[in-house]
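For reference, the structure discussed in these notes is given below.
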Amino acid sequence: WQNDAITIRLTGEQTQGLFTLTEDAMKPTFKLGLHLHRKHAETFHILEGEVEFRLGSQTIIATPGTTIHVPPNTPHGARVVNGRDARMLMLY
């Protein structure tokens, strides 16, 4: 992606297929439109910056320390807000 850089911290192979853990460093212009995952959940933990999450019709501004869980089949999207870089952990 041109607006973020993902670092894999733990692969599915390392966790015996239980989960993958990544760290996402996002530029101020990062935006990912609504989408969903049929088979897996995602959990996001904000480390730096502010990220606006859209979960269906709900909008949440996530700040450092906020954790967002997205169950399977839940439309969701995200974008960085306030014109600053953001960083988060993603567990899926």
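Does the stretch 12-31 hold any residues that are of a type outside the set (Val, Ile, Thr) and assigned to a strand (DSSP E or B), and which are they?
Across the stretch 12-31, the qualifying residues are Leu21, Glu23, Asp24, Ala25, Met26, Lys31.
Please specify each residue of the stretch 22-31 satisfying the condition of being open to solvent by 40 Å² or more (accessible area, probe 1.4 Å) and not basic (Lys, Arg). If the condition is that a residue be open to solvent by 40 Å² or more (accessible area, probe 1.4 Å) and not basic (Lys, Arg), then Ala25, Pro28, Thr29 are the ones that fit.
Residue count for the stretch 45-62 under the criterion of being open to solvent by 30 Å² or more (accessible area, probe 1.4 Å) and either over 14 Å from Asn73 (Cα atoms) or hydroxyl-bearing (Ser, Thr, Tyr) (or both): the result is 10.
Of everything in the stretch 11-50, what is farther than 18 Å from Val70 by Cβ and hydrophobic (A, V, I, L, M, F, W, C)? Give them in sequence order. Ala25, the sole residue that qualifies. Being open to solvent by 70 Å² or more (accessible area, probe 1.4 Å) and of a type in the set (A, V, I, L, M, F, W, C) is the filter here; which residues of the stretch 1-18 pass it? Listed by number, the residues that qualify are Trp1, Ile6, Ile8, Leu18.
Residues considered: Val80, Val70. Of these, the only one that is β-branched (Val, Ile, Thr) and either open to solvent by 30 Å² or more (accessible area, probe 1.4 Å) or under 13 Å from Leu91 (Cβ atoms) (or both) is Val70.
Within the stretch 63-92, the set of residues being aliphatic (A, V, I, L, M) and either closer than 13 Å to His35 by Cβ or free of Cβ contacts under 8 Å to residues at least 24 places away in the same chain (or both) comprises Val70, Ala78.
From the residues in the stretch 32-44 that are hydrophobic (A, V, I, L, M, F, W, C) and not in a loop (DSSP other than H, G, I, E, B), which one is surrounded by the fewest Cβ atoms within 10 Å (Cβ to Cβ)? Show your work before the answer.
Filtering the stretch 32-44 down to residues hydrophobic (A, V, I, L, M, F, W, C) leaves 32, 34, 36, 41, 44.
Cutting the leftovers down to not in a loop (DSSP other than H, G, I, E, B) gives us 32, 34, 44.
Working: Leu32: 16, Leu34: 11, Phe44: 20.
Looking at the filtered set, the residue picked out is Leu34.
Taking the criterion of being more than 17 Å from Gly83 (Cα to Cα) and aromatic (Phe, Trp, Tyr), the residues of the stretch 15-72 that qualify are Phe19, Phe44. When the stretch 45-88 is filtered for residues that are within 20 Å of Gln2 (Cβ to Cβ) and assigned to a strand (DSSP E or B), the ones remaining, listed by number, are Glu48, Val51, Glu52, Gly77, Ala78, Arg79, Val80, Val81, Ala86, Arg87, Met88.
The values are calculated or read from the model by the stated rules, or taken from the named source; none is laboratory data. As the structure is a computational prediction, the values presented were derived from the model and not from experiment. Note that we place each Cβ from the backbone using ideal geometry, even for glycine, and neighbour counts take in every protein chain shown. These area figures cover heavy atoms from the full protein model, side chains too; ligands, DNA and RNA do not enter into them. Shrake-Rupley method; radii C 1.70, N 1.55, O 1.52, S 1.80 Å.
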